[in-house]
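To start, the structure under review is shown below, and the notes come after it.
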Amino acid sequence: FDFDFDPATTDQRKLLLELWDHDTLSDDDQIGWVEIPLKDYLGEKKQGQVDFIGVDKHFNENVGTLDYELGVRNKEDAEKEKTEQANLIKQKQADVINQKKQLADQKQLEQQKEKEKKQQEEQQKKDEIEKAKQAKKKQLEDMQLKQQQAAVPEVVDDIGTDVKNVYVKIIGVQNVAAMDSNGKSDPYVKVLFDGKQIGRTKKVADTLNAEYNEEFDFDVDPNATKARQVKLELWDHDSLSDDDQIGYYDLRLKDYLGKKKSEQLNFIGVGKNEGKEVGLLDYELGVRSKEEADKEKADQVNQAKQREIDAANLKKSQADQKKLEIQQEKERKEEEARLAKEKKEEEVRQAKQKEIDAANLKKQQLQQEKEKKEEEARLAKEKKEQEEQQKKDEIEKAKQAKKRNQDKKKENVNFWNKKKKNQDKKKEECVYQKPKKEELQKKSSNVKEKEKEQELKKKENFKGKFRSKKINYKETGFWKNYKSKNQLKSNLD
């Protein structure tokens, strides 16, 4: 690729190369990209390698290595180089055209020489064939002359005066004398009467045993000809020269009058095979009146027509049967298609029903889940409300207990103040008795010891009793102290 760019009209100084993946069924996918600075290639052409940087799922990975060649030059130099390359290409094309022309002229000359040589060879072959034909013709003329000289005059057999029909069937020939260089022959049989050819069989190539199964028939007017024999000749087919006669045999019509016979005969050789048996022929021959032949032909024609009619009827019945089978097959396919359609519709209906059932079940499940969540939320709310109510009750109880303690404390202070006043009053009013005082002191000391023991027990159980938020104020030291003081008061009283 080459292109022009003007540095005055763009700030771009890097060449961007992108690697893509082609997709037939969707948009192409970009694999990676790379940028090459143009200044590294200014004034020269270099080859190098660079790694593509991946994008998307291969982001920032090495996704391929590029071998490239890059060069940056002035536009004038590029145009000059292009002109030189174009001239060089034109010169090369001209050299190729001249070379092709020379080769064509040389080939034409060789073809001309080959053609002349081939014409000479063909002319030589034609001359050889013509010589061979002349030699064979002379040989055949000599042979025919010899046969005519040695022939015995034909006896005119009495076959009647009415027109006869002669039927000949050439079935096949065996053990034919080899006439070709490959040890084979290309045999065929001619049927002649009164010197004229009635017909001939097909030729079978490269064989010594040929099968024909060909029929010939012709009419004979005994009043118009003295010929009373059918002549059968065995020949060998040649492609480049005249055919060669191998042998012959004469059949008397009188021997087949009014009947049809299937027999065998040995051809009598001619030419180089003269006097030899050159082939064993299977044939069938019959002689009858023309009226019988015409009648038989008419019967055969009628039979053929009848066969054709029967064949046509059979074909028609077969066609009708086939049509019926096609119709039945069509109905069967339509029935299968209908059943398949019904089955498909039933499957679709069942699938839809399944979808509906699944949707209903899902809806039910979602409803149950929703109700369950609502119930859980309700229970959680009730539990939370109970907990909050319980906390409120506890707080209220604590407040009430605190208030009761404060009231009791006030009552206790008032009680002691009152008691102190009473004691002071009694001290002033009563007469002091020392022995009574000692007893009271002793009792007071016993009470104090008990109070100390209770105080120790209270300290031991203090931690466990005050861990709970609920405080049993009746079990506190204050209450016990209050009880013991009341007991002391009663003792004093």
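Here are a few things to note about the model shown:
- When each of 250, 217 is tested for being touching a residue at least 24 places away in the same chain (Cβ under 8 Å), touching a strand residue (DSSP E or B) at 6+ places or on another chain (Cβ under 9 Å) and open to solvent by 50 Å² or more (accessible area, probe 1.4 Å), the lone residue that passes is 217.
- Test: residue in the range 199-206 that is among the charged types (D, E, K, R), assigned to a strand (DSSP E or B), over 60 Å from the mean Cα position of the chain (by Cα) and under 19 Å from residue 167 (Cα atoms): no
- Of everything in the range 86-134 that is β-branched (Val, Ile, Thr) and without any contact (Cβ under 8 Å) to a residue 40 or more places away in the chain, the residue that is least open to solvent (accessible area, probe 1.4 Å) is 96.
- Selection from the range 226-240 of residues that are surrounded by fewer than 13 Cβ atoms within 10 Å (Cβ to Cβ) and touching a residue at least 12 places away in the same chain (Cβ under 8 Å): 226, 240
- The range 51-78, subset more than 34 Å from the chain's Cα centre (by Cα) and over 28 Å from residue 4 (Cα atoms), residue surrounded by the most Cβ atoms within 10 Å (Cβ to Cβ): 61
- Filter result for residue 183 (in a loop (DSSP other than H, G, I, E, B), touching a residue at least 40 places away in the same chain (Cβ under 8 Å), open to solvent by 10 Å² or more (accessible area, probe 1.4 Å) and not polar (S, T, N, Q)): no
- Residue count, the range 87-136 (criterion: under 30 Å from residue 239 (Cα atoms) and either of a type in the set (A, V, I, L, M, F, W, C) or assigned by the TED database to the domain that holds residue 240 (or both)): 3
- Across the range 166-180, the qualifying residues are those that are assigned to a strand (DSSP E or B) and farther than 30 Å from residue 221 by Cβ, and the one among them that is most open to solvent (accessible area, probe 1.4 Å) is 174.
The values are calculated or read from the model by the stated rules, or taken from the named source; none is laboratory data. All values derive from a computational prediction rather than experimental measurement. When we count neighbours, we look across all protein chains shown, and the Cβ atoms used for this are built from the backbone with ideal geometry, even at glycine. Remember, those area values only see protein heavy atoms, side chains included, never the ligands or the DNA or RNA. Shrake-Rupley method; radii C 1.70, N 1.55, O 1.52, S 1.80 Å.
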